[in-house]
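J.: Sending over a structure as structure tokens; questions will come in a sec.
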Amino acid sequence: MSYLSGRRTRGTLGTLTVDDVVIDGKVVTMTGSSSDTAVFTAGTNGTLSIVTTDDAAAAANIQITADGTAELAGTTVTLNSSGDIDLNADGGDVFLKDASTTYGSLTNTSGNLIIKSGTTTALTFSGADVTIAGDLTISGDDLTMGTNTSGAALIADGTNFNPVVISGDISIN
């Protein structure tokens with residue numbers, strides 16, 4: 001806005017450049033070293049696009065740092081990466097929530113992965129070993145193990161089930 005003859009009037013400046021920042025309509029372009037840029041664009045219906053470009057074709061990263069909680073909210077939030085997605089929780093827990101109610105979590109305890117359903121431990125992974133805290137229901141009709149032996153039945157020995165090849169007569173009570 002400008003003041004002419006004591007009256008406030010609206011005007012258009014066109015493109016405004018201050019140092020390495022260009023404002024052109026709804027687009028703000030900031031140039032870092034050489035021609036590396038961060039471009040903020042206000043779109044229709046309140047959209048905001050943030051695009052970073054590294055002219056040397058290296059990684060142009062966005063880092064958001066908060067001295068507390070950083071929150072990302074939307075009707076749909078998509079994490080899309082051509083590389084990995086890194087969830088790094090120094091507290092050891094990643095919580096899965098719906099309407100702020102926890103329905104599951106992933107926990108690191110001494111390098112073991114614990115998966116909880118609600119607040120109940122369901123699975124514990126220790127290396128390649130898995131402990132199931134509840135019942136295991138298999139909806140298919142195959143159970144495949146590395147020790148499958150033709151003609152064997154799984155027989156409990158008081159601690160484990162082991163494949164045992166049946167020979168001769170058997171009696172099941």
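The numbers here are math on the coordinates, done by the rules we state, and not lab data. All of these numbers come straight from a predicted model, not from anything done at the bench. With ideal geometry, Cβ positions are generated from the backbone for all residues, glycine too; neighbour counts draw on all protein chains shown.
J.: Compute log10 of I(q)/I(0) for the chain with the Debye formula, placing one identical point scatterer on every Cα and leaving out solvent, at q = 0.10, 0.17 Å⁻¹, to two decimals.
T.: -0.76, -1.27
J.: If you place +1 on the Cβ of every Lys and Arg and -1 on the Cβ of every Asp and Glu, how big does the dipole about the Cα centre of the chain come out, in debye to the nearest 20?
T.: So the dipole magnitude of the chain works out to roughly 1080 debye.
J.: Using modelled backbone amide H atoms (1.01 Å from N, in-plane), which distant-in-sequence or interchain residues come within less than 5 Å of Asp36's amide H?
T.: Long-range HN contacts for Asp36: Asp55.
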